[in-house]
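Participant: Supplied in structure tokens, the structure appears directly below.
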Protein chains: 2
Amino acid sequence: MVNIKMVAKEAGVSVATVSRVLNHPETVSEDTKKHVLSIMKQLSYTPNSLARGLALNKSNTIALLIPNILNPKHMEIAKGVEDVAHQKKYNILLCNTEGKKDKEKEYINILINRKVDGIIFSNCLLSDNEIQELASQKAPVVLIGKKTRNDINVVYTDYYSGAYEATTHLVELGYKRIAHITGPRWQDENIDKEKGYEKALQDNNLPVHKKYIIAGDNDINGGYLAAKKLMRMSEPPEAIFAANDLMAIATLDAARASGFKVPENIAVVGFDNISMSALVEPKLTTVSQPIYKMGLLAARLLFDNIEYESQDYVPQSIFLQTKLKIRESCGYNKRVRQIFD
Amino acid sequence: MVNIKMVAKEAGVSVATVSRVLNHPETVSEDTKKHVLSIMKQLSYTPNSLARGLALNKSNTIALLIPNILNPKHMEIAKGVEDVAHQKKYNILLCNTEGKKDKEKEYINILINRKVDGIIFSNCLLSDNEIQELASQKAPVVLIGKKTRNDINVVYTDYYSGAYEATTHLVELGYKRIAHITGPRWQDENIDKEKGYEKALQDNNLPVHKKYIIAGDNDINGGYLAAKKLMRMSEPPEAIFAANDLMAIATLDAARASGFKVPENIAVVGFDNISMSALVEPKLTTVSQPIYKMGLLAARLLFDNIEYESQDYVPQSIFLQTKLKIRESCGYNKRVRQIFD
DNA sequence: CTGAAAGCGCTTACAG
DNA sequence: CTGAAAGCGCTTACAG
């Protein structure tokens, strides 16, 4: 492997000069710059990132921590992150935490040792204080998920009101027994969703039955099982609000397996609006978040933080609107027609 | 940040000794080992990976290059890779090439500068020679996709026979006008699939109509458009074999939009068996590959290569069986019943 | 505008 | 079993 020394020797200059043509080209004369550049090309020299990182104490790497690599939501986020990282000449370390705090912490330690320049968490497991400590002492951080404090970068949507809106939509369509399949409780946003769901019921004078609130773990399998359980009840719900699309799609399948037609026998709303939700049958009505954009914005925020003179950087919260995307799984059209007929 | 020097000083030993307790603990006495370890803990010292990487010329990092981060297939592969990498204490650099050779090459250069210890390509864009050069001179490589030569690690399935089987299945169900939505031609496996499709038609004395072979680009949008085009024909096909599940699922949706019922008016087979294919309606019949396992095996192969004394390492090809997973989208049950009635 | 030299934080061959 | 020292390949403050 050719290194900076060889280039310097071959070009008849010092290594300092070679380094400068790469890092501060404006400080070296046109002639030597051109000459050194040509030698580099001739030897096909490329600098060793590890050495550079050691000298500069930075790695041109950011990390993305996600709880489930198999959830398309997180991959849409990842795409947003990758799009800006690549443009900024940064690389991404992908860390699948599996929703385990231990694994997340283990990753964080590794990442710090690796001198990552920043970390994006999609659904962070750490406590507020832990994140704050990490962000203030180790590396810039941005969170995707629920906002919990002002001094940490975050991009989020309003999970509470999204859930409220979804539930209200079901109520307005005339459904009374409305169930909720929840995501894991360690994600604050799921607690918000549950609260929004309950509030919507209460505001409409509908009872909140604990038996209709079932944990689904945010994945296909969990969603399927929860939906099955719901539909096997002696008095099954008329509608289900699932905390994410993966579980909502699994619910569609569980309904088929249980002999329920959607939306005729049971209505289903999801959350996220992953691209698959527009392809299933019936097409899923869901609370849409601009997922890709959230990844994009999170990355921009992170680079903003990285590039800023560290002393008086001001953390930002970016709030994005949630929007109910009405498709077919709640029987909107049919019901409305019914009302007007 | 506390470094090795501080630990050495505090422990009253040389930095060499500190380094040894971490890297060659067997060479240092029990007493000093214990003492140094306790000092490390006390100062919460963790070694700088960049410095270590520079000294050792390795980074404890592998790279995963994929053409489309939004295709669940690649994420199932990524999960397999992550599962073994994490256990081996390696990190993963995620590189989304978008199917662009330029971007892939750019990434490769960066990865080499970063001293990645190995690279896994899912559907590599490089030519055989380029890969061979990379693998022999720069870093261990393993490919996931079509096998093209023996001197490069690869894990693959038989795309040709998988396609042949899928198409034959359609023929056996009585379909005559069978179309094929292809993936991008730069992926050799797609050419194999097309060949398998054509051969199956020929072996059954069915004509191969070029108009029934349409490019779908392996993504949802491309698949949807291709399927639409097919169904708008004056003489639309009776069955469609899509080169991957994403396009097959999009085809299901296109059929709905075009007023075709699946499988009554048109049958659909996919390829991959991503988890979503068992959830859609109708459930997708597809050529199943053990995707997760392919990621797992690819990673194991890579670490085998990394750990092996480089001189006489022997590249391996791992071949996995493909299997037709019959579900509902081809009308298997109905047709069979019809035959027996 | 350029070079000599120190420094980034590690590892390991060598000597004892 | 342990330490002094060289080396990994860069960057940059300092001096000229």
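The values are calculated or read from the model by the stated rules, or taken from the named source; none is laboratory data. Everything quoted here is computed from the prediction, not taken from an experiment. Don't worry about glycine lacking a Cβ; one is built from the backbone with ideal geometry, like all the others, and counts go over all protein chains shown.
Conditions tested, residue by residue: (1) under 34 Å from the mean Cα position of the chain (by Cα); (2) more than 14 Å from chain A (Cβ to nearest Cβ); (3) charged (D, E, K, R).
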| position | (1), (2), (3) |
| --- | --- |
| B:V18 | no, yes, no |
| B:E26 | no, yes, yes |
| B:L43 | no, yes, no |
| B:S49 | yes, no, no |
| B:L54 | yes, no, no |
| B:L65 | yes, no, no |
| B:N68 | yes, no, no |
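Participant: Looking at the stretch B:99-120, which of its residues are modelled with pLDDT of 95 or more and under 30 Å from B:A278 (Cα atoms)?
Facilitator: B:I120
Residue-wise test of (1) under 13 Å from the mean Cα position of the chain (by Cα); (2) closer than 14 Å to A:L134 by Cβ; (3) within 8 Å of another protein chain (Cβ to nearest Cβ).
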site: A:K58; (1), (2), (3): no, no, no
site: A:H74; (1), (2), (3): yes, no, no
site: A:A78; (1), (2), (3): yes, no, yes
site: A:Q87; (1), (2), (3): no, no, no
site: A:K105; (1), (2), (3): no, yes, no
site: A:N109; (1), (2), (3): no, yes, yes
site: A:N113; (1), (2), (3): no, yes, yes
site: A:D117; (1), (2), (3): no, yes, no
site: A:I120; (1), (2), (3): yes, yes, no
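This table checks each residue for (1) within 26 Å of B:P184 (Cα to Cα); (2) within 16 Å of DNA strand C (Cβ to nearest atom); (3) in contact (Cβ under 8 Å) with a residue 60 or more places away in the chain.
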position	(1), (2), (3)
B:L56	no, yes, no
B:L65	yes, no, no
B:N71	yes, no, yes
B:D83	no, no, yes
B:H86	no, no, no
B:K105	yes, no, no
B:C124	yes, no, no
B:S127	yes, no, no
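Participant: All but one of (1) hydroxyl-bearing (S, T, Y); (2) within 14 Å of chain B (Cβ to nearest Cβ); (3) surrounded by fewer than 23 Cβ atoms within 10 Å (Cβ to Cβ) hold for A:S234, so report the exception by its number.
Facilitator: (2)
Participant: While we're on this one: Only one of (1) within 23 Å of A:G295 (Cα to Cα); (2) within 8 Å of DNA strand D (Cβ to nearest atom); (3) not β-branched (V, I, T) fails for A:L22. Which number is that?
Facilitator: So A:L22 meets the others, but not (1).
Participant: Right, another one. Report, by residue number, each residue of the stretch B:145-170 that is free of Cβ contacts under 8 Å to residues at least 60 places away in the same chain, buried (at least 19 other Cβ atoms within 10 Å of the Cβ) and part of a loop (DSSP other than H, G, I, E, B). First the steps, then the outcome.
Facilitator: Here is the first cut: in the stretch B:145-170, the ones free of Cβ contacts under 8 Å to residues at least 60 places away in the same chain are B:145-146, B:148-149, B:160, B:164, B:168.
Now restrict to residues that are buried (at least 19 other Cβ atoms within 10 Å of the Cβ): B:145-146, B:160, B:164, B:168.
Correct list: B:G145, B:K146.
Participant: Separate question: Considering only the stretch B:3-16, state which residues are farther than 23 Å from A:N109 by Cα and either within 41 Å of the chain's Cα centre (by Cα) or near DNA strand C (Cβ under 9 Å from one of its atoms) (or both).
Facilitator: Correct list: B:S14, B:A16.
Participant: Inspect the stretch A:27-43 for any residue being within 13 Å of DNA strand C (Cβ to nearest atom) and within 26 Å of B:L50 (Cβ to Cβ) and give the result as yes or no.
Facilitator: Filtering the stretch A:27-43 down to residues within 13 Å of DNA strand C (Cβ to nearest atom) leaves A:27-37, A:39.
So of that shortlist, the ones also within 26 Å of B:L50 (Cβ to Cβ) come out as A:27, A:36.
Taking every residue of the stretch A:27-43 in turn, at least one turns out to be within 13 Å of DNA strand C (Cβ to nearest atom) and within 26 Å of B:L50 (Cβ to Cβ).
Participant: Here is a further query. Identify all residues within the stretch B:171-223 that are of a type in the set (V, I, T), more than 30 Å from B:E98 (Cα to Cα) and outside any loop (DSSP other than H, G, I, E, B); write none if there are none. Full working, then the answer.
Facilitator: Restricting attention to the stretch B:171-223, the residues satisfying the condition of being of a type in the set (V, I, T) are B:171, B:178, B:181-182, B:191, B:208, B:213-214, B:220.
Keeping just the survivors that are more than 30 Å from B:E98 (Cα to Cα) gives B:171, B:208.
Across the stretch B:171-223, the qualifying residue is only B:V171.
Participant: Would it be correct to say that A:K261 is over 30 Å from A:G118 (Cβ atoms) and basic (K, R)? It would help to see each step written out before you state the result.
Facilitator: Values: over 30 Å from A:G118 (Cβ atoms): yes; basic (K, R): yes.
Answer is yes for this residue.
Participant: Of the numbered conditions (1) among the aliphatic types (A, V, I, L, M); (2) crowded, with 24+ Cβ neighbours inside 10 Å; (3) within 14 Å of chain B (Cβ to nearest Cβ), A:A139 fails exactly one; give the number of that condition.
Facilitator: Of the numbered conditions (1) among the aliphatic types (A, V, I, L, M); (2) crowded, with 24+ Cβ neighbours inside 10 Å; (3) within 14 Å of chain B (Cβ to nearest Cβ), the odd one out for A:A139 is (2).
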